[in-house]
Amino acid sequence: MCSHRCFLLLIFFLASHSSVTSRILPKISVTTTTTLDVTDSIRKTKDASSFRLNQQEEHSQYPTSSSFSLQLHSRASVRGTEHPDYNSLTLARLHRDSARVKSLTARLNLAINNITRADLKHTMYTTEQEEIEAPLISGTTQGSGEYFTRVGIGSPAREVYMVLDTGSDVNWLQCAPCAQCYHQTEPIFEPTSSSSYATLSCDAPQCKALEASECRNATCLYEVSYGDGSYTAGDFATETFTIGSASVDNVAVGCGHSNEGLFVGAGGLLGLGGGLLALPSQLNTTSFSYCLVDRDSDSSSTVEFGSDIPNDAVVAPLLRNHQLDTFYYLGLTGISVGGEMLEIPASSFDMDESGGGGVIIDSGTAVTRLQTGVYDSLRDAFVKGTTDLERAAGVAMFDTCYDLSGKTTIEVPSVAFHFPGGNMLALPAKNYMIPVDTVGTFCLAFAPTASSLAIIGNVQQQGTRVGFDLVNSLIGFSANKC
């Protein structure tokens with residue numbers, strides 16, 4: 001009698017213990033594998049060095065619903081490539097990406113510790129009649145921007161390429177006279193040629209909203225410094241922006257006379273962050289969306305202002321960090337590989353009381369960063385499901401690579417992000433198994449970070465329209481709606 005009861009108790013104990021140590025997937029359809037088109041991915045690497053930007057900008061298939069609409073292009077389609085082969089192009093991208101992540105984590109650490117950029121020792125640029133001074137920086141140009149858009153600036157409007165960045169608030173462009181400027185595709189903007197250009201006074205609310213500013217001759221000066229030593233500095237002004245078919249007056253913009261280190265090729269930056277000076281706030285829009293095309297494609301998509309999240313989108317909570325309102329935080333609850341949830345602490349993606357940790361979604365970071373323990377779990381689960389594939393040596397930050405030469409298509413473990421309410425975003429295989437050369441070396445496109453901050457990068461966002469509902473605090477993901 002006892003042996004029978006003891007046996008039942010043992011079964012109950014094992015079942016209870018199992019429910020604690022393993023996570024059960026929500027009741028949604030989860031596939032264990034997905035197909036990677038190896039041939040198509042390799043073909044794009046060979047095409048990447050030869051395509052040219054279509055000046056008519058007719059590639060986007062997304063039906064625009066707002067007059068506030070801009071075309072969006074990959075960096076390579078605007079600039080072409082100066083690299084001798086795809087492998088060197090990949091290494092340059094990963095180098096820029098490391099600089100970008102260093103910048104983001106440094107900014108967050110400053111905010112958590114209540115240190116503003118104005119508290120840091122720096123020297124703003126001086127007036128034209130005086131000697132030009134700026135922070136000491138590395139001579140290496142990082143060129144972090146990966147997606148460019150074309151905006152009309154001034155009256156009459158002159159179109160310039162600008163980098164799209166959800167991790168920045170201040171809009172800025174290079175301006176003449178140029179004390180120190182990097183190379184850009186088009187001539188430097190000349191503010192004296194625009195009838196709508198006007199500098200801001202030091203008492204203007206836009207000036208007071210800057211993290212780092214200075215007053216000289218009653219004129220507001222701005223500076224934006226990045227964690228890798230890059231910066232832009234100059235006059236803070238208002239100007240007319242032409243966005244699609246609409247003209248918007250009095251947009252606050254930095255007119256940079258001293259710029260170094262970021263966004264080589266573009267004329268400046270459009271900040272789509274969550275702060276008061278970011279473009280969405282200045283447009284008084286309650287929503288916006290973008291779709292990032294394949295970085296090795298010459299096709300284009302759009303960034304839309306005032307666009308609603310589609311009803312069929314995968315929806316996740318949009319969280320805010322009151323220590324730094326620039327970034328968009330994502331309510332991520334878990335990651336599955338091969339249909340199985342990773343065995344990681346439940347708090348892995350939580351933001352703590354000081355504003356540390358959490359998960360941001362960023363258009364400027366290429367490769368998704370995960371805390372080291374989370375990344376190790378993801379990598380190990382992926383490797384377990386790819387024992388039939390030939391391994392290759394690691395490349396830069398990628399430690400999990402494969403030799404797929406001679407393959408046409410393969411099956412790889414599925415990877416999906418999970419959100420509250422059982423919502424799930426399944427990633428296409430090409431968004432996490434990416435080529436690093438033209439001969440068939442592919443790598444798992446995730447990377448570990450020692451920081452508590454996780455970042456969803458643009459490689460994982462490619463081909464998906466990402467919508468931000470700023471009123472209802474939601475992020476929506478719509479596959480194949482570029």
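Summary table below
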| item | result |
| --- | --- |
| Complete set of residues in the stretch 284-306 that are part of a loop (DSSP other than H, G, I, E, B), under 17 Å from Y147 (Cβ atoms) and either in contact with a Leu (Cβ under 7 Å, 6 or more places away or on another chain) or not basic (K, R) (or both) | L292, V293, D294, D296, S297, D298, S299 |
| Every pair of residues 6+ apart whose Cβ atoms lie under 6 Å, when the first sits in the stretch 251-262 and is outside any loop (DSSP other than H, G, I, E, B) while the second is open to solvent by 10 Å² or more (accessible area, probe 1.4 Å) and among the small types (G, A, S) | H257/A179; S258/A134; S258/A179 |
| Strands (runs of 3 or more DSSP E) fully within the stretch 365-482 counting 1 or more residues that are more than 30 Å from S69 (Cβ to Cβ), open to solvent by less than 10 Å² (accessible area, probe 1.4 Å) and out of contact with any His (no Cβ under 6 Å at 6 or more places or on another chain) | 368-371, 401-403, 409-413, 415-418, 433-435, 441-444, 446-449, 454-456 |
| Test: residue in the stretch 215-237 that is of a type in the set (D, E), at negative phi, open to solvent by less than 10 Å² (accessible area, probe 1.4 Å) and in contact (Cβ under 8 Å) with a residue 24 or more places away in the chain | yes |
| Evaluation of T408 against (1) in contact with a helix residue (DSSP H, G or I) (Cβ under 6 Å, 6 or more places away or on another chain); (2) touching a residue at least 40 places away in the same chain (Cβ under 8 Å); (3) closer than 30 Å to P317 by Cα (one fails), failing number | (3) |
| The stretch 321-335, residues that are in a loop (DSSP other than H, G, I, E, B) and under 13 Å from the mean Cα position of the chain (by Cα) | T326, F327, Y328 |
| Among the candidates S281, S196, S247, residue that is in a loop (DSSP other than H, G, I, E, B) and open to solvent by 10 Å² or more (accessible area, probe 1.4 Å) | S196 |
| Residues located in the stretch 141-166, provided they are assigned to a loop (DSSP other than H, G, I, E, B) and modelled with pLDDT under 90 | T141, Q142, G143, S144, G145, E146 |
| Test: residue in the stretch 324-339 that is free of Cβ contacts under 8 Å to residues at least 24 places away in the same chain and open to solvent by 30 Å² or more (accessible area, probe 1.4 Å) | no |
| Residue check for E159: closer than 26 Å to I360 by Cβ and open to solvent by 50 Å² or more (accessible area, probe 1.4 Å) | no |
| Pair list, Cβ < 6 Å and 6+ apart or interchain, from the stretch 433-451 residues that are within 27 Å of F349 (Cβ to Cβ) and among the small types (G, A, S) to residues that are open to solvent by 20 Å² or more (accessible area, probe 1.4 Å) and part of a loop (DSSP other than H, G, I, E, B) | A447/M397 |
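Matching residues to (1) modelled with pLDDT under 95; (2) more than 30 Å from I112 (Cα to Cα):
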residue: D362; (1), (2): yes, no
residue: R369; (1), (2): no, no
residue: E390; (1), (2): no, yes
residue: S405; (1), (2): no, yes
residue: V415; (1), (2): no, yes
residue: I434; (1), (2): no, yes
residue: F442; (1), (2): no, yes
residue: A447; (1), (2): no, no
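The values are calculated or read from the model by the stated rules, or taken from the named source; none is laboratory data. Source: prediction; values computed, not measured. Cβ sites come from the backbone with ideal geometry, for glycine too, and all protein chains shown count toward neighbours. Heavy atoms of the whole protein, side chains included, go into the accessibility calculation; ligands, DNA and RNA do not. Shrake-Rupley method; radii C 1.70, N 1.55, O 1.52, S 1.80 Å.
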